[in-house]
Structure formats: structure tokens, C-alpha cells
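*Asks:* Starting off with a structure, shown below.
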Amino acid sequence: MEPITPAAEAKKVMLSGIQPSGNLHLGNYLGAVKNWAELADQFDCYYFMADLHSITVRQDPKALRARTLELLALYIACGLDPEKNTLFIQSHVHEHAELAWVLNCYTMFGELSRMTQFKDKSAKNSDNINAGLFAYPALMAADILLYQPDFVPVGQDQKQHCELTRDIAIRFNNLYGSTFKVPEPYIPKVGARVMSLSTPTSKMSKSDPNGCVFLMDTPEDISRKFKRAVTDSDTENCVRYAPAEKPGVANLMSIYSSVTGKTFEEIEKEFDGMGYGKFKPAVGDAVVETLRPIREEAQRILADKAYLQQVYTDGAQRATYVARKTLRKVYKKVGFIEKPF
Ligand code: TRP
């Protein structure tokens with residue numbers, strides 16, 4: 001299957017992946033996926049479920065399968081139209097694993113040792129510091145470089161991996177002549193950085209489930225999490241945007257602003273004299289209403305296994321078409337005999 005945008009009318013290419021090792025949450029949605037949906041007309045976009053990356057930490061196989069499909073259903077429910085975006089499962093395009101092996105041989109031990117994510121994850125999983133966890137950035141470089149993208153939309157935490165990808169591409173290009181496009185990280189201008197509801201000084205994360213609103217949470221769960229959200233320790237009890245003094249309130253305001261489109265001034269006015277007791281449930285209600293159609297659509301899609309299979313089959317075919325071209329070029333450059341069949 002041909003790519004969505006034929007090379008002749010090439011748009012700029014964008015690619016990103018999300019690991020199916022946890023469920024998608026409000027931070028992923030407001031900070032990333034929601035904005036991606038609007039890029040489809042402007043860019044040729046590839047998004048994949050990074051299942052190969054997930055097994056660098058132990059996964060329950062059944063849960064991994066379920067979460068991979070749920071992630072795909074959620075991508076679609078969040079507005080990533082599979083007709084306009086190439087959505088695929090990483091392990092279905094074996095070129096990722098193959099290019100990763102090659103790139104392993106052009107990535108230095110010292111470089112991988114300096115990756116902060118490796119240091120963090122190996123501290124957290126000290127009983128399973130495997131070679132895959134260490135080499136993970138070379139696989140990520142392969143994911144990216146196969147598609148010759150111009151931009152890689154990622155969060156701040158993946159910037160170091162994107163920089164290493166650029167270094168690997170430049171190193172390879174210097175040795176063998178121009179092979180890979182050197183991509184730029186794309187940190188979108190719009191898009192909120194959503195903080196934990198229980199620890200508003202750290203990013204919303206699945207590892208802190210009380211402070212984290214998952215897209216598949218029930219309305220009751222969402223409301224409860226917002227009612228319990230940490231505001232601030234002073235007694236002012238006033239909705240005012242002051243991120244340094246009142247990070248909890250600022251976070252709730254920025255979530256509310258993201259889902260309603262209201263400015264901070266408008267929000268301050270709306271809740272003038274009302275206190276947190278009114279404000280927190282109002283933010284909860286707004287989030288419930290934003291996520292309701294997404295959750296319902298994802299559930300509908302998840303029940304339609306034939307449709308999902310159609311989407312990931314088409315996606316893998318389109319992705320393979322592009323990935324194969326790059327891998328062939330690489331194999332030729334490093335001196336492998338061309339496969340005659
Ligand atoms: N490492 C990314 C993360 O943990 C996921 C990922 C894998 C990715 N391959 C990628 C992101 C390629 C962007 C491009 O969030």
C-alpha cells in the first residue's frame with residue numbers, strides 16, 4: 001500500500017510513538033495527542049504503538065496486547081483519523097528491529113550510558129537492567145530515521161533521545177554519504193504541560209495514579225480525583241493564577257483553560273469569591289464532559305475488532321513501504337549483499 005502522500009507532492013513528515021506500557025492520560029491528551037489531530041492536513045504523519053520499547057521492562061503479555069489495542073482505539077477517538085494519518089503497531093514493521101541492530105553498531109557505549117532515562121529506569125528496575133533497556137535509544141533512532149521525518153513531536157523528557165538520534169544520523173551520513181534526514185524535535189507551542197493533581201510540582205504520570213486522570217476513567221473517578229486535587233497550603237482560598245505560589249491552582253486553571261478555551265482572566269472572574277470548593281468540581285465536570293465522547297468512541301471502536309484490524313493492517317502496509325526503502329539503502333551502504341527475492 002502506497003503512503004498517504006505520494007512523494008511527488010511531498011508534505012513535511014512528522015512521526016511519533018507512544019509506549020503501550022501504561023494507559024493514556026489527560027497529560028498525554030492535552031499535551032500531545034489533541035494537537036497532533038490538527039497537524040494531519042499540514043504534515044504527513046506517522047504514529048505508532050511502541051510495543052518493542054515496552055518490553056524493556058517486564059510486561060504481562062495479555063495486558064500488553066489489550067493496552068496496545070486500547071491505545072490505537074484512543075488515538076482514533078482523540079481525532080487521529082486513520083485515513084489521514086498512518087497509525088501502526090511498531091512490531092508489525094520488522095524494519096524497526098533490523099535498523100535498530102545496524103544503528104547499535106554506530107551508537108557508543110558512552111553515549112548510551114549518559115541517557116538520563118536509562119539511569120532513572122535502571123534505578124527503578126534494578127533487578128532487570130537488560131541490554132534492551134540500555135540500547136533503547138538506538139531503537140528509537142531507528143523508529144525515527146526509517147521515515148526520514150522533518151519533525152519528531154515529543155515531550156521534554158525525550159529531547160535527549162532525539163538529540164542522540166541526530167548525532168547517530170550525522171555520524172552515519174558522514175561515513176556513508178547522505179542517507180538519513182536529520183530531524184528536529186518538535187515541541188508544540190500550544191499544548192498544556194499537565195501536572196499531577198496530587199503533587200502539582202511534578203508532571204502528571206501513570207506512576208502516581210491518584211494524581212493522574214486516565215482517558216478511560218469513569219466520570220465518577222474523574223470527579224473524585226478533581227475533588228481531592230491539591231490546591232495550596234495557604235488559606236487564601238481564591239482562584240488566582242500564580243504558578244510559583246499556587247502550583248495546584250495554576251494547574252487546575254490551565255486544565256480548565258485547555259478544555260474550555262477560556263483565558264486565565266476569564267476563569268478568575270468566573271470563580272471570583274467562590275473558593276476552591278466550587279472551583280475543583282467545576283474543573284472536574286468540564287474534564288468529564290471533554291473525555292466522555294472520547295471514552296465512548298474508544299469503547300465503540302474497541303468492540304469493533306475487525307475495524308481495528310483493518311486500521312493497523314493498512315497502517316503497517318503504508319509504514320512498511322517507506323521503511324523498506326530506507327532499510328535497503330542502509331544495508332547497501334554498509335556492504336550487505338542485496339537480497340535477490
Ligand atoms: N521513547 C518514547 C517515550 O517513551 C516513545 C518512542 C519510541 C518514540 N520511539 C519513538 C517517540 C520515536 C518519538 C519517536 O515516550
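The values are calculated or read from the model by the stated rules, or taken from the named source; none is laboratory data. Nothing here was measured: the structure is a model prediction, and the numbers come from that model. Glycine gets a Cβ as well: all are built from the backbone with ideal geometry, and neighbour counts include every protein chain shown. Accessible surface is based on the protein model in full, side chains and every heavy atom, while ligands, DNA and RNA are left aside. Shrake-Rupley method; radii C 1.70, N 1.55, O 1.52, S 1.80 Å.
*Asks:* Ordering Met274, Met253 by how much accessible area each has at a 1.4 Å probe, largest first, what is the list?
*Replies:* The ranking, largest first, comes out as Met274, Met253.
*Asks:* Right, another one. Extension gain Phe341-Arg58, at 0.36 nm per residue separation less the Cα-Cα distance, in nm?
*Replies:* Separation in residues times 0.36 nm, less the Cα-Cα distance, equals 98.2 nm.
*Asks:* Using the heavy atoms of the protein chains alone and a 1.4 angstrom probe, what is the accessible area of the range 164-248 per residue in square angstrom?
*Replies:* Using a 1.4 Å probe on heavy atoms only, each residue of the range 164-248 averages 54 Å².
*Asks:* Follow-up question, since we're still on this one. How big is the dipole moment of the chain about its Cα centre under a simple scheme where the beta carbon of each Lys and Arg is +1, that of each Asp and Glu is -1, and everything else is neutral? Debye, nearest 20, please.
*Replies:* In total the dipole reaches around 900 debye.
*Asks:* Still on this structure: Largest first and in whole Å, give the semi-axes of the range 1-87's equivalent ellipsoid, each being the square root of 5 times a Cα gyration tensor eigenvalue.
*Replies:* Computed over the range 1-87, the values are 25, 15, 11 Å.
*Asks:* Follow-up question, since we're still on this one. Just the number please: accessible area per residue for the range 254-341, 1.4 Å probe, all protein chains included, in Å².
*Replies:* Result: 59 Å² per residue.
*Asks:* Next question. Report the relative contact order of the range 92-158, percent, no decimals, based on alpha-carbon pairs under 8 angstrom and at least 6 residues apart.
*Replies:* 48
*Asks:* Semi-axes, largest first, in whole Å: what does sqrt of 5 times each Cα gyration tensor eigenvalue give for the range 239-341? Display every interim value, and only then the final one.
*Replies:* Working: eigenvalues 508, 95, 16 Å².
Values for the range 239-341, descending: 50, 22, 9 Å.
*Asks:* Assuming 0.36 nm per residue, please report the length gained on full extension of the stretch Tyr176 to Lys12 beyond their Cα-Cα distance.
*Replies:* Fully extending the segment from Tyr176 to Lys12 adds 56.6 nm.
*Asks:* To continue, here is another question. Anything over 26 Å Cα to Cα? Flag those among Lys225/Lys246; Lys159/Lys333; Lys119/Lys329; Lys121/Lys181; Lys206/Lys325; Lys203/Lys305, in the order listed.
*Replies:* Beyond 26 Å between Cα atoms: Lys159/Lys333; Lys119/Lys329; Lys121/Lys181; Lys206/Lys325; Lys203/Lys305.
*Asks:* Follow-up question, since we're still on this one. So how strong a dipole does the range 15-63 carry about its Cα centre when Lys and Arg Cβ are +1 and Asp and Glu Cβ are -1, to the nearest 20 debye?
*Replies:* It comes to approximately 260 debye.
*Asks:* Suppose a student asked you for the relative contact order of the chain, using Cα pairs under 8 Å spaced at least 6 residues apart; what percent would you report?
*Replies:* Details: 516 pairs, mean separation 77.9, N = 341.
After rounding, I find 23 percent.
*Asks:* Expressed in nm², what is the orientationally averaged projection area of the convex hull enclosing the Cα positions of the chain?
*Replies:* 19.1
*Asks:* Between Val152, Val13, Val57, which gets the highest mean-square fluctuation from a Gaussian network model of the chain, Cα cutoff 10 Å?
*Replies:* In the Gaussian network model the winner is Val57.
*Asks:* Would you mind pulling out the separation of the Cα centroids of the range 1-78 and the range 283-328, in Å?
*Replies:* 8
*Asks:* Something else about it: Of all accessible surface on the chain at a 1.4 Å probe, what whole percent is carbon and sulfur?
*Replies:* Its accessible area is 53 percent carbon and sulfur atoms.
*Asks:* Continuing with this model, one more query. Working from Cα positions, state the angle (0 to 90°, nearest 10) between the long axis of helix 95-104 and the longest principal axis of the chain.
*Replies:* 80
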